[in-house]
Amino acid sequence: DTCGSIRIPSAFNALVGLRPTQGLVSRRGIVPLSHTQDIGGPLARTVTDLAIALDVSVGYDSEDAVTSVLRDMPVPKFQASLDKNALRGARIGLFLPYFRDTDAEIADTVRAAIAAMRAQGATVVDVPMAEFDTLMANTSVINLETKFDLIDYLRTIPNAPVKSLRDILDRGLYDRQLEVRFRVIDTVLNADSEQILGGYEAFADEFATILSRQLDA
C-alpha cells in the first residue's frame with residue numbers, strides 16, 4: 001500500500017484491510033514505488049483473520065532498516081489483543097476534513113459504521129483541522145523516489161533483465177496507460193524528498209497532538 005492498494009480493494013470487496021504503521025512489517029522483496037510510503041499489509045475476511053496475518057508478518061528484519069523500531073521491543077500480539085468489548089468507553093476521533101469532498105453514499109456508509117461504534121459503547125468526537133489542506137499540499141514523494149528506488153531494487157536481483165525505469169521504457173515493457181507517468185518520473189534528477197517530508201512531519205506532529213487529547217483512535 002503506497003496510496004491505497006490495501007485499503008481501496010478492501011473497501012470495494014467487503015474485506016478487512018489494514019495499512020500497518022511504517023516499521024511494523026518488512027518491505028524486503030516488495031518492488032518499490034516509494035520507500036517513504038510503501039508498506040505491506042493484510043487483506044482478510046474478518047478482523048480475526050487480519051490479526052492472525054499481522055501476527056505472522058510483523059517483526060524486525062535486519063535487511064529493512066525501517067523495522068529497527070522493533071529491534072529492542074516485544075513484537076505486538078494482535079490476535080491476543082482482540083476484545084469484543086474494546087469499544088466500550090473508547091473515544092474515537094472523527095476527522096472532519098475527510099468528509100468535505102466525500103461521495104454522499106460513502107459518507108453515509110462511514111457514518112453508519114460510526115453509529116455502530118456508538119452502539120458498542122464508543123464516544124465519537126468530531127475533530128476539525130483548519131490547516132489540513134495546507135499541511136498536506138504536495139506531500140506525496142512517489143514521483144521523486146520511484147526512479148531511484150527501482151534502480152536500488154533491481155540491483156539486488158541476479159541477472160535482472162532490466163536495470164532501471166529507462167530500460168523498461170526503452171524496451172516498451174509497460175502498459176500504455178502508465179507511459180506518461182513513467183516518462184515524467186524518469187525525468188527526475190535526484191531523490192531529494194527532505195523538504196516535502198518536512199511538511200509531512202508537521203502534519204504528523206499536529207495529528208499526534210490531536211490524538212493526545214484523550215482520544216484512543
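Okay, here's what the table says:
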quantity: Helix 142-155 vs. the chain, principal-axis angle (Cα, 0 to 90°, nearest 10); calculated: 60 degrees
quantity: Segment V16-I151, extension gain: residue separation times 0.36 nm, minus the distance between their alpha carbons; calculated: 45.3 nm
quantity: Relative contact order %, region 77-166, counting alpha carbon pairs below 8 Å whose residues are six or more apart; calculated: 30 percent
quantity: Relative contact order (%) - the chain, alpha-carbon pairs under 8 angstrom, separation at least six; calculated: 19 percent
quantity: Sites excluded, GluC sites (Glu not before Pro) in DSSP loops with at most 12 other C-beta within 10 Å, longest stretch of the chain; calculated: 132-217
quantity: Tilt relative to the chain, helix 47-57 - C-alpha long axis, 0 to 90 degrees, to 10; calculated: 40 degrees
quantity: Structure-derived Cα extents along the principal axes in Å: which label, when the choices are [x] 51, 44, 27; [y] 78, 52, 44; [z] 58, 37, 33; calculated: [z]
quantity: The chain: calculated mean residue ellipticity at 222 nm from DSSP helix runs of at least 4, using -39500 (n - 2.57); calculated: -12000 deg cm²/dmol
quantity: Loop trypsin sites (Lys or Arg not before Pro), region 73-173 (other Cβ atoms within 10 Å of the site Cβ: 10 or fewer; DSSP); calculated: K84, R88, R100, R171
quantity: From phi via Karplus (6.51, -1.76, 1.60), per-residue ³J(HN,Hα) for region 107-123 in Hz, x at Gly/Pro; calculated: 4, 4, 5, 5, 5, 5, 5, 5, 4, 5, 4, 4, 5, 8, x, 7, 9
quantity: 19 Å Cα-Cα reach of K77 towards aspartates and glutamates, excluding residues that sit fewer than 8 places from it in its own chain; calculated: D49, D55, D61, D216
quantity: Set of aspartates and glutamates with alpha-carbon distance to K147 below 13 Å, sequence-local pairs under 8 removed; calculated: D167, D186, D192
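Laboratory data are not the source of any read-out in this text; all were calculated from the coordinates shown. This one's a predicted model, so the numbers in the text were calculated from it and none came from an experiment. Positions of Cβ are backbone-derived with ideal geometry, glycine not excepted, and every protein chain shown enters the neighbour counts.
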